[in-house]
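**Student:** Encoded as structure tokens, here's the structure I'll be asking about.
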Amino acid sequence: MNTMTHPTKSYLLRLFFFFMLFITVQGFVNKPADPKLEKMPVALETDYALSALPPQLRAGATIYLLDPAKGYYVARKGSNGFICFVMRTAWEWAEFRNDVITAISYDAEGARTIFPVYLDVAAMRASGKFTALQARNIVVDRIKKGVYKAPARPGISYMLGPVMRTYPATPTQHEVMTMHMPHYMFYAPYMTNADIGNIPDGQQDGPFVVNPEALFLGKKKAPYGYIIVPAGATERAKIIANNKELLKRLADYSPYFKTEPAMHMNK
């Protein structure tokens, strides 16, 4: 027979409710804040962004720089259709961190269709109003609704910088690495490694396909896939040698470029 009085039950329920509320609030209070991006020195960010491009395209390229409080802005308007910038947030991984730093460039088609995602994610992060997961969900939703579109023609993204600090794997893995991996990226919407014969899933030598958003959209549904062609060993060595000063400036600026063992990626 239950001898507990009704008032006692009510008291215990209220106590339990407040206890759970306290635990929840404490969870929010103790959650570490997302790391704040710092503004890179303008000259360094400019030179690093331009290093993504082959030398003959740099003088006419549009340069975007990042204001961590607002997002990307045009620092120099170009004339040849190419753009370059330093990516600080890889939206597919749904985390905001300050040790992702990679120089990227796009031709006119990539600037029109792919770069707007980076623009919007940077603005969302800068606003402080969105979590990294919310930003990713918004991007995925906009892709599904056709707000963000796939490239309409073949094109290229140059990533010929002498060093990159980013994720070497899929969004299921969150290790970040410093890599010497200058490479060429050709737009390959909705493609897989099987489509280009690099199976099992990009493990063979030669060109390979990357499309991180396929994890959320499904195979054959990822509009921002790329066929990756790494620079050859001779070209890579030349790029690194020609950028010794830039590499030193980057290492002086960020410990992520000097304390993490740099690795060569020849996949």
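The values are calculated or read from the model by the stated rules, or taken from the named source; none is laboratory data. A quick note: this is a predicted structure, and the numbers were derived from the prediction, not measured. Heads up, the Cβs are rebuilt from the backbone with ideal geometry, glycines too, and the neighbour counts pull from every protein chain shown. When the accessible area is computed, the model is the full protein with side chains, heavy atoms only, and any ligands, DNA or RNA have been set aside. Shrake-Rupley method; radii C 1.70, N 1.55, O 1.52, S 1.80 Å.
**Student:** Filter the range 195-234 down to the residues that are among the small types (Gly, Ala, Ser), touching a helix residue (DSSP H, G or I) at 6+ places or on another chain (Cβ under 7 Å) and open to solvent by 40 Å² or more (accessible area, probe 1.4 Å) and list them by number.
**Tutor:** Residues satisfying the conditions do not exist here.
**Student:** Just give me the residues in the range 168-190 being at pLDDT below 95 and either among the small types (Gly, Ala, Ser) or open to solvent by 50 Å² or more (accessible area, probe 1.4 Å) (or both), in sequence order.
**Tutor:** Within the range 168-190, Pro168, Ala169, Thr170, Thr172, Gln173, His174, Glu175, Met177 meet the criteria.
**Student:** Please work out which one of (1) within 16 Å of the chain's Cα centre (by Cα); (2) surrounded by 20 or more Cβ atoms within 10 Å (Cβ to Cβ) is the condition Pro116 fails and give its number.
**Tutor:** (2)
**Student:** I would also like to ask the following. For the range 248-262, give me the residue count where each residue is out of contact with any helix residue (DSSP H, G or I) (no Cβ under 7 Å at 6 or more places or on another chain) and open to solvent by 40 Å² or more (accessible area, probe 1.4 Å).
**Tutor:** 8
**Student:** Something else: Pairs under 7 Å by beta carbon, first residue under 16 Å from Phe96 (Cβ atoms) in the range 166-180, partner part of a loop (DSSP other than H, G, I, E, B) and β-branched (Val, Ile, Thr), six or more apart or different chains?
**Tutor:** Thr166/Val100; Thr166/Val176; Tyr167/Val176; Val176/Val100
**Student:** Next up: Touching a Gly at 6+ places or on another chain (Cβ under 6 Å) and surrounded by 15 or more Cβ atoms within 10 Å (Cβ to Cβ) - does that describe any residue in the range 82-100? Break it down into steps so the answer makes sense when it comes.
**Tutor:** Step one: of the range 82-100, the residues touching a Gly at 6+ places or on another chain (Cβ under 6 Å) are none.
No; the residues of the range 82-100 include none that is touching a Gly at 6+ places or on another chain (Cβ under 6 Å) and surrounded by 15 or more Cβ atoms within 10 Å (Cβ to Cβ).
**Student:** Within the range 34-81, which residues are β-branched (Val, Ile, Thr) and in a strand (DSSP E or B)?
**Tutor:** Just the residues of the range 34-81 that are β-branched (Val, Ile, Thr), to begin with: 42, 46, 62-63, 74.
Thr62, Ile63, Val74 - these are the residues of the range 34-81 that are β-branched (Val, Ile, Thr) and in a strand (DSSP E or B).
**Student:** For the range 143-157, name all the residues that are open to solvent by 40 Å² or more (accessible area, probe 1.4 Å) and either touching a residue at least 24 places away in the same chain (Cβ under 8 Å) or of a type in the set (A, V, I, L, M) (or both). Write out each step before concluding.
**Tutor:** So in the range 143-157, the residues open to solvent by 40 Å² or more (accessible area, probe 1.4 Å) come out as 144-145, 147, 149, 152-154.
If the condition is that a residue be open to solvent by 40 Å² or more (accessible area, probe 1.4 Å) and either touching a residue at least 24 places away in the same chain (Cβ under 8 Å) or of a type in the set (A, V, I, L, M) (or both), then Lys144, Val147, Lys149, Ala152, Arg153, Pro154 are the ones that fit.
**Student:** Return the only residue of Val163, Val121 being surrounded by 18 or more Cβ atoms within 10 Å (Cβ to Cβ) and closer than 18 Å to Ala69 by Cα.
**Tutor:** Values: Val163 fails: closer than 18 Å to Ala69 by Cα.
Sole residue among the options that is surrounded by 18 or more Cβ atoms within 10 Å (Cβ to Cβ) and closer than 18 Å to Ala69 by Cα: Val121.
**Student:** When you look at Val140, is it touching a residue at least 40 places away in the same chain (Cβ under 8 Å) and either in contact with a Leu (Cβ under 8 Å, 6 or more places away or on another chain) or open to solvent by less than 60 Å² (accessible area, probe 1.4 Å) (or both), yes or no? Explain how you work it out, then say what you get.
**Tutor:** On the way: touching a residue at least 40 places away in the same chain (Cβ under 8 Å): yes; either in contact with a Leu (Cβ under 8 Å, 6 or more places away or on another chain) or open to solvent by less than 60 Å² (accessible area, probe 1.4 Å) (or both): yes.
Considered against the rule, which asks whether it is touching a residue at least 40 places away in the same chain (Cβ under 8 Å) and either in contact with a Leu (Cβ under 8 Å, 6 or more places away or on another chain) or open to solvent by less than 60 Å² (accessible area, probe 1.4 Å) (or both), Val140 comes out as yes.
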